[in-house]
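Working notes for the structure below.
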């Protein structure tokens, strides 16, 4: 899906985090669009860690940080090989290095995320986290595609008011950062988690961007 701002074109690529096959999707869109700058929906700390991991030459996974990540990978594995760091972001980083274009992490950094969590997630919601994890172990996902699974997973994990508010804040920040990039660069490519892609696209349109094409 591509949108055009006053000074630059924006291409939004919704991807399934972790799925190895998504790297090829990013690569194909990159060479069709030929961006001047790459934006990805991770934190600056996440980008730095991913860059260090890839530059180290290690071919192993980075490892999962918690139960949710581990279960997500296991459930997503029905649709293909899963790897961490997410191949969609790794490919975006690799292409930016190969073609010598800037890559920008446009999600909240660690400090901002902590502050956001404290402001939006209530103590009651936090105390319910162990119960949600136990429920996740019993949860049956009925998705027929990886994209449907990512959306279904998101609806379950972020179903509470506080978590939903945090995701809304992410959409606002990502969209704002992309618009700022479009003022400085002619062509901006955004790689974003597919469950947020339509919301980002809608906000870009609301802010005056003109939709040019829609990619499946």
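FYI, it's all coordinate maths here, none of it is from the lab. Treat the numbers as computed from the prediction; the structure is a model and nothing was measured. Ideal geometry is used to build each Cβ from the backbone, glycine not excepted, and the neighbour counts take in all protein chains shown.
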Exercise. Does anyone have the angle between helix 161-184 and the longest principal axis of the chain? Alpha-carbon axes, 0 to 90°, nearest 10?
Worked result: 10
For this session: Extending each Cα 7 Å along its Cβ direction at residue 34 and residue 168, get the distance between those two points in nm, one decimal.
Result: 4.2
For this session: Taking 7 Å along the Cα-to-C-beta vector as the label spot, tell me the residue 137-residue 205 distance in nanometres, rounded to one decimal.
Result: 4.3
Exercise. Want the number for residue 21 to residue 78: 0.36 nm per residue separation, take away the alpha-carbon distance, what's left?
Worked result: 19.2 nm
Exercise. How much of the DSSP beta bridge set in the range 2-213 is antiparallel, as a percent to the nearest 5?
Worked result: 35
Seminar exercise, completed: Per-residue ellipticity at 222 nm attributable to helices in the chain (runs of n ≥ 4 DSSP H, -39500 (n - 2.57) apiece, nearest 500 deg cm²/dmol) works out to -17500 deg cm²/dmol
Exercise. Expressed as an acute angle from 0 to 90° and rounded to the nearest 10, what is the orientation of the C-alpha long axis of helix 110-120 relative to the principal long axis of the chain?
Worked result: 60
Exercise. log10 I(q)/I(0), Debye, Cα-only the chain, no solvent, q = 0.12, 0.15 Å⁻¹?
Worked result: -0.65, -1.03
For this session: For helix 67-76, report the angle its Cα long axis makes with the longest principal axis of the Cα atoms of the chain; keep it between 0 and 90° and round to the nearest 10°.
Result: 70
